[in-house]
Each structure stands twice: as structure tokens, then as C-alpha cells.
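What follows is a single structure, written as C-alpha cells, with notes after it.
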Amino acid sequence: MKKREQVKRKDNVVYFPGLEKRLTDKGLESLEQKKFKDAITFLEEARDLDQDNDDILIGLVLAYFEAGSFKKAKVLAKEMLLKGIGDYFQMVDLYLTVLIQLHEYQEIVSTIEVLLEEKEIPTEKHDHFLTILQFSRRMAENRQSEEEIEPEVQNLNLLSKNNLNEQMLVVAGLAEKNIRPYLDEIADYLKAETGHPFLKTMLLTLLKEQEINKELVVRKFFKENTFIPTELPEVRVQPQMMAVKDLLEDRLESNNPGLFENTIGMVERTFFISYPFDLEPENPWAWAAAFHLLAQEYLGIDHEISKIASEYGAGIVEIEQAMAQIKEIEKISYPNI
């Protein structure tokens, strides 16, 4: 007689046999399709049911990595290394890749030095790890030198520059500098009504890249809130934007590739300008319908709001609200330089 699978319980919720496998399969399929948000959702649920499954955990590390959630990827990869889950050196490689994205070069140096001391590295991987070690040592030394040397800081004067192109050049120039000496000026610009939304997004991206974990007030489109750059999602994988893209992909990519490309371009512009704020209404169906309608309008294609509203299952009022906001953001567009 076939042995029955044990029913699993958690917090008084009964999980039917095989549920973790179905969640894992869906998660790995979403990962292959580059639907990283969905992959994370499925794989996190699967992990709740099976804490030490190699496929689930490796898939989840990769999904975190691809979604730009590098700190979550680091924590999980390190946990797997400590528990001995998965192929050890594959996990070391993955862990080091995550650390490179986080610019944690001293941690990379420490990790590889321990492996060398313990003589654990296979011969065929020795040169590979030595190359990473040498690179990370140089980067760690450079970072330490930058922190020790007190630079002669000139003011950015962003708010005093009336020409938007001049502001753009100043912000672009910060990409090659240590941004910390300019934090006070940047903070003033982020909360200023006169600061351009596009440049504010650029600044927040730079702050996130340089791991600034200070609370900063950001003001855009009459909204104001406090954000910590290191805790923000990557611009390219904002959850709300990814949900809208998925809906448009399902409906347009195969049926009308030209319309799909124009629509996705508008989506990316809109969410870049509005970052890090979520757009309201929150309903992604309404936003997908609004982008679809506006793309048709801009391309001179006849459209009917009631028909699109029905197709996306969204209310006409919500769609009109979303369309009005998109049009306002499109007027701002990107600064020309």
C-alpha cells in the first residue's frame, strides 16, 4: 500500500500534500520567465513549508538577486552556506556575486581568505577565487582611502542653478564621486518643491548605490514622505510597475508588439519620474488599462474606454484618474541635455 503523505500544519492552517512542490514549480517557472516578484512570492511560500529544500532556496536567492533585493539574497545565501545546503562552491560563488553587488569587498576578502587558509578550494577554481580576492582587496583599499581622506568639497549649488541642463550635469557628475560629503545639499534638493522629479530619481538611485541608510524627506507631485535609500526597491523593479508590465505583457506582447513597446516605454517613464512613490489608485489593472488607452491615443488608434475597462476589469473612474496623472507626468518628461 502506498504511504500517504503527511498533512502539514502551520499556525492552525492545514496544507495539503504536494503543495510545496506546486509552489516550487510555479516559482521556478516564474523565475525562468523573469517574473521575479511572482517567483519570490511562490518560493517564499514554498520555503515556509520546506525550510531546507535546495531547489527552493537556490531559486529564492536568484529571485532576490534578479529583483535587486541584494541584502535578502545575501542573508539567505549565507544561511545556506552555514547549514551546508546546496553545492558548497556554487553557493560560495553565488554569495560572492551578491557581495560584489553590495560593494562589500572586505567581506569578500575575509570569505576567500578563510577558504585559502583551510585549503578547501578545488584546484580548478583556485585561480578564479584568487582573481576575485585581488580585485576585492584593491576595491576595499580604495574605499578605505576615500573614507580616510577628507576631500575638499565644493558646493553643488543645485537649487541656485536655474538651468535644468546645468543641474543635470551636476547630478550626472556625482556618479563618479563619493556622495556622502554632499548629503545635506542633496537632502535639501529632494524635499524642495522646485527640484525636478527626474533629477530626484537620479539622486535617489545614486544614494541607494552608495548604500546611504539615512532617512530623507522626498517631495514630488505634492506628495511628501520619508525614505531610506538602502531600503528602496531598484527603479527597474518597482513592484507596482512590474505588476502593470505583467498585465500589459499578457494582453499586448503577442497580439500587438508595436503597441506593446510604446506602452512599456510610457510605463517606464512614468514610474521613473514618480519613484519612489507608489501611484494612486493602487489598482494595477486600472494603470495597465490607462497606459493601454493612452498608447492607442498617441498612435492614433481608435479606442473605447468602456471596452478596455471591461477587458482589464477596472473601473472607468480609476482609469481616468490614472490617465490624467500619466499625462501630467508625460508633460514633465526627461530633461534634454
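The values are calculated or read from the model by the stated rules, or taken from the named source; none is laboratory data. Values in this document were obtained by computation on a predicted structure and should not be read as measured data. Please note: Cβ atoms are built from the backbone with ideal geometry, for glycine as well, and neighbour counts cover all protein chains shown. Note: areas computed on protein heavy atoms with side chains; ligands, DNA, RNA excluded. Shrake-Rupley method; radii C 1.70, N 1.55, O 1.52, S 1.80 Å.
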Practice task
Restrict the check to region 49-67 and report whether at least one residue is assigned to a loop (DSSP other than H, G, I, E, B) and within 18 Å of Phe36 (Cα to Cα).
Solution key: yes
Practice task
Would you please list the contacts, defined by Cβ atoms under 6 Å and residues six or more apart or on different chains, that run from a residue in region 38-57 that is closer than 22 Å to Val244 by Cβ to a residue that is modelled with pLDDT of 90 or more and surrounded by fewer than 20 Cβ atoms within 10 Å (Cβ to Cβ)?
Solution key: Phe42/Lys26
Handout entry: Identity of the residue in region 271-323, small (Gly, Ala, Ser) and in a loop (DSSP other than H, G, I, E, B), that ends up least open to solvent (accessible area, probe 1.4 Å)
Key = Ala314
Practice task
Could you grab me the full set of residues in region 183-202 that are modelled with pLDDT of 90 or more, more than 24 Å from the chain's Cα centre (by Cα) and hydroxyl-bearing (Ser, Thr, Tyr)?
Solution key: none
Fill in the blank from the handout: Scanning region 228-239 residue by residue, those closer than 13 Å to Asp278 by Cα and either crowded, with 18+ Cβ neighbours inside 10 Å or modelled with pLDDT of 95 or more (or both) turn out to be Pro233, Val235, Gln238
Handout entry: Residue check, Glu215 in contact with a Phe, Trp or Tyr (Cβ under 6 Å, 6 or more places away or on another chain), of a type in the set (Asp, Glu) and farther than 18 Å from Ala67 by Cβ
Key = no
Problem - Failed item in (1) modelled with pLDDT of 90 or more; (2) open to solvent by 100 Å² or more (accessible area, probe 1.4 Å); (3) out of contact with any helix residue (DSSP H, G or I) (no Cβ under 8 Å at 6 or more places or on another chain), with Asp25 passing the rest - result: (2)
Exercise for the section: Out of Leu60, Leu82, report the one residue that is crowded, with 16+ Cβ neighbours inside 10 Å and either more than 22 Å from Glu231 (Cα to Cα) or modelled with pLDDT of 90 or more (or both). Expected result: Leu60
Exercise for the section: Answer yes if at least one residue in region 241-249 is at pLDDT 90 or above, in contact with a helix residue (DSSP H, G or I) (Cβ under 9 Å, 6 or more places away or on another chain), open to solvent by 60 Å² or more (accessible area, probe 1.4 Å) and not hydroxyl-bearing (Ser, Thr, Tyr), and no otherwise. Expected result: yes
